[in-house]
Structures are given as structure tokens and as C-alpha cells.
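The values are calculated or read from the model by the stated rules, or taken from the named source; none is laboratory data. Bear in mind the structure is a predicted one, so any value in this text is a computation, not a measurement. All Cβ positions, glycine included, derive from the backbone under ideal geometry; neighbour counts span all protein chains shown.
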Amino acid sequence: MPAHFLATLPNFLAYLGTAIVLLVAFMAIYLYVTPYDEINLIRANNVAAAISLSGAVLGFAMPIANVIAHSDTLADLAVWGVIAGIVQLLAWMVARVALPRLKEAIAAGQVAPAIFVAALSITVGLINAACMTY
């Protein structure tokens, strides 16, 4: 392996580890905040729950990836990761207001509301990522 790759391996591992910790923390909080049990719904083959959760995860991951590509420190990644998580939770709250029966719709496996939530999450994540470019 070339020396450059070996020299950058610690940074790679640090950023990857921090990103995974942020992702796990975001998912734990998101799963706690939402009023339905996405994991059990997904295990029961509920496509709507899978679509909704996937959108939130992608919407969170885009800003994280952008920060990794443009940041100088792990502290930047951690701070912007927290902000990205908050923005995603706010996007979910907007979806909840726009679709007052969202809890029942996701639990019932209704795909249309799930696609809306996923699209909103991904769109907000994309805009969030663009705003974090400095």
C-alpha cells in the first residue's frame, strides 16, 4: 500500500467512526421521536415505514457526507452532525403537521404519505448539505 494511503488511514477511520456514531445516534433519536415503531413495522414488511425511515437516513447522511468532504476537524463534523439531525427532526415535524394522520398512515402501510415524508427528508437534507458548504 502506498505511504499516502497509510498516512491518511487514521483520519479516514476517525471520520468514518464519528459519522457512524452520529448516524446511530440520529437513528436512535428519530426512532424514539416518531410515534410508530419503524423497525417492527419494517420487520413486518411494511413498505411505508421502510420508505419513510430510508428518506430520513438519506436526508441525514447527505449533510454528513458534505461536512466530511469539506471540514478540517472532527469537531466540525460533530457540530454539523447535530445540526443536521435537528434539521431532519424539524422536517419530520413539518410532515406531521402537513399530514395529521401520518402515524396511522405509516402503520397501515400507506405508501403515498411515506413517499412524501421521504422526499421531504431527502430534499431538506440536500438543501442542508448545500448550506453547510463554506
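Observations, loosely collected:
- Residue match in region 99-110 (condition: among the charged types (D, E, K, R), more than 13 Å from S54 (Cα to Cα) and not in a helix (DSSP H, G or I)): yes
- The residues of region 97-119 that are within 17 Å of the chain's Cα centre (by Cα) and either surrounded by 21 or more Cβ atoms within 10 Å (Cβ to Cβ) or closer than 14 Å to Y36 by Cα (or both), listed by number, are A114, V117, A118.
- Region 35-85 - residue that is in a loop (DSSP other than H, G, I, E, B) and without any contact (Cβ under 8 Å) to a residue 60 or more places away in the chain and, of those, surrounded by the most Cβ atoms within 10 Å (Cβ to Cβ): S71
- Test: residue in region 124-132 that is surrounded by fewer than 20 Cβ atoms within 10 Å (Cβ to Cβ), among the β-branched types (V, I, T) and not in a loop (DSSP other than H, G, I, E, B): yes
- Test: I20 is surrounded by 15 or more Cβ atoms within 10 Å (Cβ to Cβ), hydrophobic (A, V, I, L, M, F, W, C) and out of contact with any strand residue (DSSP E or B) (no Cβ under 7 Å at 6 or more places or on another chain): no
- Qualifying positions in region 2-20 - among the aromatic types (F, W, Y) and either touching a helix residue (DSSP H, G or I) at 6+ places or on another chain (Cβ under 7 Å) or modelled with pLDDT of 90 or more (or both): F12, Y15
- Filter result for A91 (surrounded by fewer than 21 Cβ atoms within 10 Å (Cβ to Cβ), of a type in the set (G, A, S) and either in contact (Cβ under 8 Å) with a residue 40 or more places away in the chain or farther than 26 Å from N11 by Cβ (or both)): no
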